[in-house]
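K.L.:
Following this message is one structure expressed as structure tokens.
The values are calculated or read from the model by the stated rules, or taken from the named source; none is laboratory data. All figures in this text were calculated on a predicted structure; none of them were measured in a lab. Cβ: placed from backbone, ideal geometry, glycine included. Neighbour counts: every protein chain shown.
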Amino acid sequence: MNYVFQFGDVFAAWPLLVKGTLSTIELSMLAMLIGLMVAIGCAWGKTAGPRPLRWFINAYIELIRNTPFLVQLFFFFFALPALGLRWSAHTAALTAMVVNLGAYATEIIRAGIESIPKGQIEAGLALNLKRRKIFQYVILKPALRTVYPALTSQFILLMLSSSVVSAISADDLTSVAANLQSQTFRSFEIYIVVAVIYLVLALSFSALFRVIYRLALHYPDRR
Amino acid sequence: MRTFGFSEFLFILEAAKWTVALSMIAFIGGAIGGLIIALSRTSGKPVLQALSGGFIQIFQGTPLLLQLFLVFFGAPVAGFEINPWVAAGVALILNSSAFLGEIWRGCIQAIPAGQWEAAQALNLPYLARMRHVILPQAFKIALAPTVGYMVQIIKGTSLAAIIGFAEVTRSGQIINNATFQPLIVFSAVAAIYFVLCWPLSLLAARMERRQAAALAR
């Protein structure tokens with residue numbers, strides 16, 4: 001092996017890498033937030049909605065979970081504009097991520113909701129809580145608590161798979177890397193650095209999720 | 001200009017055999033790698049555990065696409081001639097080794113400690129203990145999540161399209177560039193993946209339900 005590693009060009013482009021990292025963070029966080037909303041809505045629909053709605057949500061989940069994210073992305077970016085919808089690569093990428101995460105997170109949250117004992121809901125009714133309050137405090141919050149580890153690892157998987165949006169040249173870290181490598185030809189060095197950034201992002205997100213758990217979902221101990 | 005007709009669909013469908021072949025390579029290689037990882041993780045040897053733990057952390061903490069790029073652009077650095085076949089195969093094998101290794105580690109650790117102790121009390125050496133006592137029981141627990149993971153592998157092979165490997169997604173792109181009918185082309189591509197993945201998903205869900213029922217008894 002007589003290859004000379006040259007990281008100079010990569011590090012010289014640090015402002016671009018920072019910008020790419022920030023847009024990956026922004027894209028992922030937006031997709032997580034909106035995707036979580038979609039998933040909570042669908043999980044509610046799947047456990048309590050009318051039959052046609054349930055059927056529709058099931059079809060959505062199965063369709064998304066059994067096709068690759070890249071194909072979903074192409075569908076949103078190439079196919080929908082052919083129907084007359086005009087949108088940027090960035091919006092198409094965000095939409096694809098939300099739709100993808102929504103399907104996985106729905107299944108996770110539904111599992112959480114189904115784990116809530118019936119007695120707990122009846123206790124809520126007995127306390128004369130409104131239906132919305134029961135869903136919010138008696139069903140959803142404990143359900144999210146139960147499935148929190150699965151949900152957050154799905155979030156991190158989404159952040160990692162957001163690198164795929166570079167295939168439609170949406171702004172993100174991997175697109176920055178692809179542009180850099182076509183200018184400098186230091187492909188291997190660039191992708192090593194970017195892979196390390198993703199690793200740091202993944203670890204930071206899981207640290208962040210631990211903090212959120214402690215702030216929002218932690219119950220004080222009974223003793 | 002070409003329009004999307006039966007022969008175009010056939011072109012994409014033909015490419016499904018490369019998707020299936022790549023998935024098989026990734027699964028078989030990943031199963032061998034995953035077993036080694038899972039056994040290292042449960043070996044109790046600090047060095048092995050640290051190495052396999054690091055391997056899992058790296059491959060689960062970075063995007064599969066970046067792993068593909070690193071193999072694709074890294075192999076010439078190490079002095080190998082590389083083509084998309086080898087790059088996609090190697091990257092997918094490494095990736096699925098990490099994920100299967102982590103799944104199977106859980107299954108091995110789910111075997112009650114009494115089983116380990118009983119095997120030890122019978123003075124079974126490590127290989128016999130694993131081969132005759134632990135792994136057959138772990139295999140039963142591992143079956144459903146492993147089938148579920150196969151779906152992830154099939155979907156993961158679509159990323160090989162980005163480095164120019166002509167599987168279903170890449171053929172879809174080629175046909176789309178020729179016909180400019182993205183709606184029907186990518187629907188066809190999605191449908192092919194769905195037909196490949198859905199039966200596996202159903203099977204995995206069914207096995208999971210059966211296992212839950214067996215455990216509830």
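K.L.:
Of everything in the range A:169-184 that's under 18 Å from the mean Cα position of the chain (by Cα) and in a helix (DSSP H, G or I), which residue is farthest from the other protein chains (Cβ to nearest Cβ)?
P.N.:
In this case the residue turns out to be A:173.
K.L.:
Which one is nearest to the other protein chains (Cβ to nearest Cβ), of the residues in the range A:208-223 that are under 18 Å from the mean Cα position of the chain (by Cα) and among the aromatic types (Phe, Trp, Tyr)?
P.N.:
Applying the filter and picking the extreme gives A:209.
K.L.:
Which one is nearest to the chain's Cα centre (by Cα), of the residues in the range B:165-195 that are under 21 Å from residue B:65 (Cβ atoms) and within 8 Å of chain A (Cβ to nearest Cβ)?
P.N.:
B:193
K.L.:
Scan the range A:192-207 and tell me whether some residue there is surrounded by 20 or more Cβ atoms within 10 Å (Cβ to Cβ) and more than 13 Å from chain B (Cβ to nearest Cβ).
P.N.:
No, every residue in the range A:192-207 fails to be surrounded by 20 or more Cβ atoms within 10 Å (Cβ to Cβ) and more than 13 Å from chain B (Cβ to nearest Cβ).
K.L.:
Just a yes or no: is a residue in the range A:45-55 crowded, with 19+ Cβ neighbours inside 10 Å and either under 28 Å from residue B:185 (Cα atoms) or within 13 Å of chain B (Cβ to nearest Cβ) (or both)?
P.N.:
Checked the range A:45-55: no residue is crowded, with 19+ Cβ neighbours inside 10 Å and either under 28 Å from residue B:185 (Cα atoms) or within 13 Å of chain B (Cβ to nearest Cβ) (or both).
K.L.:
Let me ask you something else. Would you mind telling me which numbered condition in (1) surrounded by fewer than 14 Cβ atoms within 10 Å (Cβ to Cβ); (2) closer than 30 Å to residue B:170 by Cα; (3) modelled with pLDDT of 90 or more; (4) among the small types (Gly, Ala, Ser) residue A:126 fails?
P.N.:
Failed condition: (2).
K.L.:
With hydrophobic (A, V, I, L, M, F, W, C), within 14 Å of chain A (Cβ to nearest Cβ) and within 14 Å of the chain's Cα centre (by Cα) as the only criterion, which of B:92, B:35 stands out? Explain how you work it out, then say what you get.
P.N.:
On the way: B:35 fails: within 14 Å of chain A (Cβ to nearest Cβ).
Every option except B:92 fails the conditions.
K.L.:
Right, another one. Identify the residue in the range A:142-168 that is out of contact with any helix residue (DSSP H, G or I) (no Cβ under 7 Å at 6 or more places or on another chain) and away from every other protein chain (no Cβ under 12 Å) and, among all such residues, is surrounded by the fewest Cβ atoms within 10 Å (Cβ to Cβ).
P.N.:
Filtering the range A:142-168 for residues that are out of contact with any helix residue (DSSP H, G or I) (no Cβ under 7 Å at 6 or more places or on another chain) and away from every other protein chain (no Cβ under 12 Å), the one surrounded by the fewest Cβ atoms within 10 Å (Cβ to Cβ) comes out as A:149.
K.L.:
For the range B:137-164, which residues satisfy the criterion of being hydrophobic (A, V, I, L, M, F, W, C) and either more than 12 Å from chain A (Cβ to nearest Cβ) or surrounded by fewer than 19 Cβ atoms within 10 Å (Cβ to Cβ) (or both)? I'd like the intermediate steps shown before the answer.
P.N.:
First, the residues of the range B:137-164 that are hydrophobic (A, V, I, L, M, F, W, C): B:138-139, B:141-144, B:147, B:150-151, B:153-154, B:159-163.
B:138, B:139, B:141, B:142, B:143, B:144, B:147, listed by residue number.
K.L.:
Filter the range B:196-217 for residues that are within 7 Å of another protein chain (Cβ to nearest Cβ) and of a type outside the set (Phe, Trp, Tyr); which is farthest from residue B:10 (Cα to Cα)?
P.N.:
Out of the qualifying residues, it is B:201.
Conditions tested, residue by residue: (1) in contact (Cβ under 8 Å) with a residue 40 or more places away in the chain; (2) under 20 Å from residue A:70 (Cα atoms).
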site: A:102; (1), (2): yes, yes
site: A:114; (1), (2): yes, no
site: A:123; (1), (2): no, no
site: A:128; (1), (2): no, no
site: A:142; (1), (2): no, no
site: A:154; (1), (2): yes, yes
